[in-house]
Amino acid sequence: MSKLDELLDEVDVEFQSLKSVCSVFKGKQLNKTELTELGEYPAYNGGTNYSGFTNKFNVEENTTIISQGGASAGYVQFIKRKFWANAHCYYLKPNLDVVENKYVYYFVKNKQYNLMNFQFGAGIPALKSDVIKKLQIPIPCPDNPEKSLKIQKEIVRILDTFTELTTELTTELTTELTARKKQYEYYREQLLTFEESEVKHLPMGDESLGEFIRGKRFVKTDMMSEGVPCIHYGEMYTHYGTWASKTKSFVSKELVESKKLRRALKGDVVIVAAGETIEDIGQGTAWLGEEGAVIHDACFYYKSNLNPKYVAYYTRTRQFHDQIKKHIRTGKISAINSEGLGKALIPIPSPEEQERIVNILDKFDVLTTSISEGLPKEIELRKKQYEYYRNKLLTFPKETVEV
């Protein structure tokens with residue numbers, strides 16, 4: 001028998017409404033003028049994070065809060081410091097003679113999914129306090145308060161340990177990914193930096209070197225799950241890396257013909273030319289697909305005799321972005337034209353050297369991508385493991401009442 005099973009073996013349990021062992025309060029409105037970026041106490045007004053700081057508080061530390069309004073209504077947190085609970089925030093005060101403070105938190109957190117499904121209202125979603133008060137919390141050994149609190153404390157201790165281990169692992173994995181990305185960026189920068197005395201540097205728009213061709217406009221509603229391959233500029237930020245041979249989206253052949261849409265061919269480099277973030281503008285993806293890919297008008301495709309991957313890697317360097325950022329027109333949507341891109345100087349080593357650099361960077365790219373894809377999976381696995389044990393510790397054989 002495991003320690004978890006021993007802890008809960010033959011334990012009498014009584015299910016009581018949360019309101020019988022815990023008071024549920026709603027926060028009070030705080031004037032927006034009292035919110036600052038700096039202050040002694042955080043202010044919570046729903047959501048998954050604080051909305052600012054203030055110099056006063058209305059709730060003590062170590063308190064469970066539940067978001068009352070908005071898309072996050074039902075989200076549960078444990079606040080370890082004094083804070084201001086605003087009008088769209090519930091907070092709990094347990095009867096400590098009956099229940100452990102953090103036992104209540106873990107129980108309610110375990111019911112978060114249920115609470116978020118009890119949002120109401122046709123406009124902004126909200127959660128009624130009655131839904132929280134009606135939650136049925138298991139009280140072990142209700143006739144023996146001392147033993148009951150002892151069991152609750154042990155459950156809290158175990159879950160605190162799992163929380164700490166999960167947090168530590170997530171931090172370690174994230175730190176590892178960050179380190180690998182920095183290492184990759186460092187070597188990419190070094191490998192693509194040449195003295196002018198070593199190799200020729202030419203403007204990318206030089207007629208003897210290459211040509212930027214702007215795509216033509218199509219909209220998201222034109223995009224399909226099959227048809228002619230296409231690349232929308234928004235996908236350049238979320239989907240594509242240094243190279244691609246398949247597209248995420250497609251358009252119809254009829255649309256391509258009627259609008260005379262333009263296609264990047266194998267060996268061209270697709271370069272995004274508009275976006276909200278200046279740092280991302282100019283990023284290139286080498287198109288290596290056998291079939292041409294239709295390009296959105298917020299992108300260019302670059303035709304040259306250079307190794308397409310070499311060009312794509314170069315467009316992701318600091319030296320390239322330092323050159324083009326002065327040509328970017330800023331606004332709600334920032335953009336750059338072909339003239340601005342064409343002024344950027346690119347070093348032109350021999351084809352053999354370009355291939356050597358690409359091979360090295362490909363290995364780094366695979367390693368970084370592998371870690372990037374594996375990290376969320378590993379974190380999700382640990383999260384599920386933690387939720388399994390939390391559910392096991394807070395679910396008793398006699399449980400018959402659900403939200």
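The residues of the stretch 354-370 that are touching a residue at least 60 places away in the same chain (Cβ under 8 Å) and open to solvent by 40 Å² or more (accessible area, probe 1.4 Å), listed by number, are Ile360, Phe364, Leu367, Thr369. Check the stretch 211-230 and report whether any residue there is in contact with a Pro (Cβ under 9 Å, 6 or more places away or on another chain) and open to solvent by 50 Å² or more (accessible area, probe 1.4 Å). Looking for residues that are in contact with a Pro (Cβ under 9 Å, 6 or more places away or on another chain) and open to solvent by 50 Å² or more (accessible area, probe 1.4 Å), one finds none in the stretch 211-230, hence no. For the stretch 124-137, the criterion of a residue being farther than 21 Å from Val13 by Cβ, open to solvent by less than 90 Å² (accessible area, probe 1.4 Å) and of a type in the set (S, T, N, Q) is satisfied by at least one position.
Within the stretch 156-201, take every residue that is outside any helix (DSSP H, G or I) and either without any contact (Cβ under 8 Å) to a residue 24 or more places away in the chain or not β-branched (Val, Ile, Thr) (or both) and give me the one that is least open to solvent (accessible area, probe 1.4 Å). So, considering only residues that are outside any helix (DSSP H, G or I) and either without any contact (Cβ under 8 Å) to a residue 24 or more places away in the chain or not β-branched (Val, Ile, Thr) (or both), the one least open to solvent (accessible area, probe 1.4 Å) is Leu192. Of the listed requirements (1) in contact with a strand residue (DSSP E or B) (Cβ under 7 Å, 6 or more places away or on another chain); (2) without any contact (Cβ under 8 Å) to a residue 40 or more places away in the chain; (3) not in a helix (DSSP H, G or I), Gly331 misses just one: (1).
Examine the stretch 133-148 for a residue that is under 22 Å from Asn58 (Cα atoms), in contact (Cβ under 8 Å) with a residue 12 or more places away in the chain and under 27 Å from the mean Cα position of the chain (by Cα), and state whether such a residue exists.
Narrowing the stretch 133-148 to residues under 22 Å from Asn58 (Cα atoms): 133.
Next cut, in contact (Cβ under 8 Å) with a residue 12 or more places away in the chain only: 133.
Narrowing the set further to residues that are under 27 Å from the mean Cα position of the chain (by Cα) leaves none.
Among the residues of the stretch 133-148, not one is under 22 Å from Asn58 (Cα atoms), in contact (Cβ under 8 Å) with a residue 12 or more places away in the chain and under 27 Å from the mean Cα position of the chain (by Cα), which makes the answer no.
Would it be correct to say that Lys332 is farther than 14 Å from Phe212 by Cβ, open to solvent by 20 Å² or more (accessible area, probe 1.4 Å) and more than 28 Å from the chain's Cα centre (by Cα)?
Numbers: farther than 14 Å from Phe212 by Cβ: yes; open to solvent by 20 Å² or more (accessible area, probe 1.4 Å): yes; more than 28 Å from the chain's Cα centre (by Cα): no.
Against the criterion (farther than 14 Å from Phe212 by Cβ, open to solvent by 20 Å² or more (accessible area, probe 1.4 Å) and more than 28 Å from the chain's Cα centre (by Cα)), Lys332 does not qualify.
Taken over the stretch 48-70, the criterion of being surrounded by fewer than 19 Cβ atoms within 10 Å (Cβ to Cβ), under 19 Å from Tyr106 (Cα atoms), out of contact with any helix residue (DSSP H, G or I) (no Cβ under 9 Å at 6 or more places or on another chain) and of a type outside the set (Ser, Thr, Tyr) is satisfied by Asn49, Glu60, Glu61.
May I ask you to verify whether Ile151 is open to solvent by less than 30 Å² (accessible area, probe 1.4 Å) and part of a strand (DSSP E or B)? Even if it seems obvious, please write down each step before you answer.
On the way: open to solvent by less than 30 Å² (accessible area, probe 1.4 Å): yes; part of a strand (DSSP E or B): no.
Against the criterion (open to solvent by less than 30 Å² (accessible area, probe 1.4 Å) and part of a strand (DSSP E or B)), Ile151 does not qualify.
Going by what's in this entry, would Lys325 be described as farther than 14 Å from Ile213 by Cβ, part of a helix (DSSP H, G or I), out of contact with any helix residue (DSSP H, G or I) (no Cβ under 7 Å at 6 or more places or on another chain) and open to solvent by 50 Å² or more (accessible area, probe 1.4 Å)? Considered against the rule, which asks whether it is farther than 14 Å from Ile213 by Cβ, part of a helix (DSSP H, G or I), out of contact with any helix residue (DSSP H, G or I) (no Cβ under 7 Å at 6 or more places or on another chain) and open to solvent by 50 Å² or more (accessible area, probe 1.4 Å), Lys325 comes out as no. When both residues are 6+ apart or on different chains and their Cβ atoms are under 7 Å apart, which pairs have a first residue that lies in the stretch 304-327 and is touching a residue at least 24 places away in the same chain (Cβ under 8 Å) and more than 17 Å from Arg188 (Cα to Cα), and a second that is in a helix (DSSP H, G or I) and open to solvent by 30 Å² or more (accessible area, probe 1.4 Å)? Once the first residue is touching a residue at least 24 places away in the same chain (Cβ under 8 Å) and more than 17 Å from Arg188 (Cα to Cα) and sits in the stretch 304-327, its partners that are in a helix (DSSP H, G or I) and open to solvent by 30 Å² or more (accessible area, probe 1.4 Å) give Lys325/Ile278. Output the number of the condition that Tyr105 fails; it satisfies all remaining conditions of (1) modelled with pLDDT under 90; (2) assigned to a helix (DSSP H, G or I); (3) of a type outside the set (A, V, I, L, M, F, W, C). Here Tyr105 meets the rest and fails (1). Just one of the numbered conditions (1) in contact with a Phe, Trp or Tyr (Cβ under 9 Å, 6 or more places away or on another chain); (2) surrounded by 14 or more Cβ atoms within 10 Å (Cβ to Cβ) is not true of Ser252; which one? Ser252 satisfies every listed condition except (1). When Lys384, Lys377 are checked against the criterion of being more than 30 Å from Ile137 (Cα to Cα), at pLDDT below 85, assigned to a helix (DSSP H, G or I) and basic (Lys, Arg), a single residue qualifies: Lys377. Only a single criterion out of (1) under 21 Å from Tyr313 (Cα atoms); (2) open to solvent by 40 Å² or more (accessible area, probe 1.4 Å) is not satisfied by Gly234, namely (2).
The values are calculated or read from the model by the stated rules, or taken from the named source; none is laboratory data. Predicted, not measured: the structure shown is a model, and the values here were computed from it. FYI the Cβ positions are ideal-geometry reconstructions off the backbone, even for glycines, and counts take in every protein chain you see. Accessible surface is based on the protein model in full, side chains and every heavy atom, while ligands, DNA and RNA are left aside. Shrake-Rupley method; radii C 1.70, N 1.55, O 1.52, S 1.80 Å.
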